[in-house]
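Here the structure is laid out as structure tokens; the discussion comes afterwards.
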Amino acid sequence: MKPTTRGTLVAAVTGVAAAVAAVGAAAAPAAAAGTVPIPVPLDGVEKSLNMEVPKLGMELPLLMPGAPEGPRYVEGHLLPDRALPQLPLSGGLPGVDLRAPLPHVLGDRFDHVGVSAPAGDLRTLAPGLSVDAPLTAPNPNNFGLPGLKQPEVGLLAPVVQTVAGGDLGAGPGL
């Protein structure tokens with residue numbers, strides 16, 4: 001290989017590595033947070049209508065796939081257990097924070113109503129499949145040939161685990 005070709009190849013590989021590192025560094029803070037805040041700007045509506053409008057903010061979770069458990073070999077079965085493994089996902093439930101003006105409907109001390117539902121952890125497992133062939137293991141009494149048996153099919157149910165919470169309140173100020 002000529003020295004100019006080597007230099008061009010080294011420069012190309014270095015540029016690609018730098019681009020991948022820059023993209024990874026930019027995505028790291030968002031992935032570390034677990035949720036992405038989404039502010040809803042309503043200041044322009046408040047100024048143009050000259051009235052108080054609700055304050056709204058949201059959080060969307062980032063789903064993170066996990067590593068599935070590999071197939072497990074079971075004695076007496078030709079095919080491994082959990083042929084289609086369950087894929088774990090972790091993330092969160094969306095969060096919302098809403099504060100709306102309330103024109104003294106509940107009395108002089110109540111100027112707003114607010115709803116706050118923080119983002120909560122969410123863990124799931126996708127459905128899986130467990131199958132077994134309609135053949136037994138090789139039988140030495142049958143010249144090493146397998147015997148017949150009933151086929152086995154099992155569906156592994158999906159799993160969802162979370163704890164959701166929220167707060168509803170009314171009080172002074174917005």
Given unit charges at Cβ for Lys, Arg (+) and Asp, Glu (-), the dipole magnitude of region 37-171 about its Cα centre in debye, nearest 20, is 300
Of the residues Pro54, Pro88, Gln150, the Cα lying farthest along the dipole of region 37-171 towards its positive end, which is defined by charges on the beta carbon of Lys, Arg, Asp and Glu, belongs to Gln150
Grab the Cα-Cα distance for Val53 and Leu87, subtract it from 0.36 nm times how many residues apart they are, and report the gain in nm with one decimal.
7.9 nm
Ordering of 160-166, 86-92 by burial proxy (mean other Cβ atoms within 10 Å per residue, highest first):
86-92, 160-166
Can you give the FRET efficiency to the nearest 0.05 for Arg123 and Gln150, using r as the Cβ-Cβ distance and R₀ = 30 Å?
0.30
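Read the figures in this text as sums done on the coordinates, not as results from a lab. None of these values were measured; they are calculated from a predicted model. Positions of Cβ are backbone-derived with ideal geometry, glycine not excepted, and every protein chain shown enters the neighbour counts.
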